[in-house]
Structure formats: structure tokens, C-alpha cells
Amino acid sequence: MNVILLAHTPEPDALVAAAAKICYRDITAAELLKGEEENLSRKLIAELFKSGHMSTFEHVSFTFAIDGLSRVASHQLVRHRVASFSQQSQRYVKMTHEGEAVVVPDSIKNNPEALKIFNHAVETSQQAYADLINLGISKEDARFILPHGHSTRLVMTMNARELHHFFNLRLCRRAQWEIHELARKMLILCREKAPVLFEKAGPACIFGNCNEARSCGRAYLDMEDLLKEKE
């Protein structure tokens, strides 16, 4: 999976702090973006987060390009409705079978017998897809035979408030492994551009108490433990 940050609102930390000023201070619009000590903005954003007053986070957005995500995971991703998505269409783009066309879970990849069964099913479906195309069947209809785990590409935009919600859900250990890895890569990129806004982004087990009815029982030690690359 490859995740790239295509674009983001300039100076995201400063913009959210500026938007908050208009709510809590007697200040004009012209004065909003005047320089302010970083520690004061950090304190203000921390207070917003703690109070749950996160409407100002919505003024900041981030746009990601994602390659190598399965359609299993993309179906979960689009459930986050406060976001914009542009996904590669299997109606118009002919699906090739080169490289890692299908995402293979580690549980299958590390089991030789399971991998043999998986690869046979994938190769059969890919051949059937090619045969249907050669018979004149449209890509729109031939795609019905493709595996659910077929790789896809998309562009996604979320505002900072929804990103916090996304990270809270998808960085939980109970989240599906693929969307968990996507969220990890996204949070790393967000923290590089807006370290204050995303200082406390992540699952509840790091910043409070687990909200899951069926807890995994393995709370992350800290952000470093959460964000480290899977071995």
C-alpha cells in the first residue's frame, strides 16, 4: 500500500487556532492570523479537543492518494461519509493482472496450503475475466467475476475533525488490519504537517479509556508504539 499526501490546507494548526479566536475573543477578522506564540495556540487547540468543541477543525482538510488498497478495505473506507472520494472505476479501466493485482492477507501468505488455494482461485477468476472481455463482454459486466480483494486506487479528502474520528476508530487494534495500516500511514503524514492538531489523534486506549464493548485487552503503550511500522 502506498499513501501520498497530495494537498492540505496551508498552516493547518494556525488556521484552527485562528478560527477558535473568533469564538472566544473580542477580535476582528483582520487580526485573526496575526502572529501568536506557538504555546498559546497549542494550549487553545488542546482546550478545544478536551472540550469536544471541534467545529473549528473542519476548516482544515487533507487530500490523500492511495494505491494498493483492496476493495475489501475501500468498502469500509467509504462508510466515513464526511469525506470525498474518487475511486478507480472497474467500468472504464481494464483490470490487469500484473504485479500485486490482488491484496493477499498475511494469514494466507504465510500458510503455503492456503496460499495455493488462494492463488488458484485468483488465477481462475482473472482468466475468466480475460475470456469474457475477449468474447466482447463489457468491462462493466466482466468485473463481476473479479476477486473482492482486487487492488484499487483512489483519492480521498477529509477535514481534520473527521480525520480524528477516522483515526479513533481505525487505529484501534480491533480494526481490520488493512484499514488499520492505511490509518497509520495517514496519521504519520498528518502529524508532519499539523503536529498540534493531531498530537492526540488515535484510539481511546492511548488518551483515555477504551470505548469498545469487546476490548482487545492490549492497549498501546504510547504513540510511538502505535505508529511504528509493522514488522
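The test for being open to solvent by 20 Å² or more (accessible area, probe 1.4 Å), more than 24 Å from the chain's Cα centre (by Cα) and not aromatic (Phe, Trp, Tyr) holds for Leu115.
Here Thr157 fulfils each of the conditions (1) surrounded by fewer than 19 Cβ atoms within 10 Å (Cβ to Cβ); (2) in contact (Cβ under 8 Å) with a residue 24 or more places away in the chain; (3) part of a loop (DSSP other than H, G, I, E, B); (4) of a type outside the set (A, V, I, L, M, F, W, C) apart from (3).
Quick check on the range 167-184. Is at least one of its residues on the phi < 0 side of the Ramachandran plot, without any contact (Cβ under 8 Å) to a residue 60 or more places away in the chain, open to solvent by 70 Å² or more (accessible area, probe 1.4 Å) and part of a loop (DSSP other than H, G, I, E, B)? The answer is yes, given that some residue of the range 167-184 is on the phi < 0 side of the Ramachandran plot, without any contact (Cβ under 8 Å) to a residue 60 or more places away in the chain, open to solvent by 70 Å² or more (accessible area, probe 1.4 Å) and part of a loop (DSSP other than H, G, I, E, B).
Entry remark, the range 192-222: residues being of a type outside the set (Asp, Glu), surrounded by fewer than 17 Cβ atoms within 10 Å (Cβ to Cβ) and assigned to a helix (DSSP H, G or I) number 2 in total. Taken as a whole, the condition of being among the hydrophobic types (A, V, I, L, M, F, W, C) and at pLDDT 95 or above applies to Phe118.
The values are calculated or read from the model by the stated rules, or taken from the named source; none is laboratory data. The structure presented is a predicted model; accordingly, all values stated were derived computationally and were not measured. Quick reminder, even Gly has a Cβ in these numbers, built from the backbone with ideal geometry, and neighbours come from all protein chains shown. Each accessible area value is taken on the protein alone, full model and side chains, heavy atoms only, with ligands, DNA and RNA left out. Shrake-Rupley method; radii C 1.70, N 1.55, O 1.52, S 1.80 Å.
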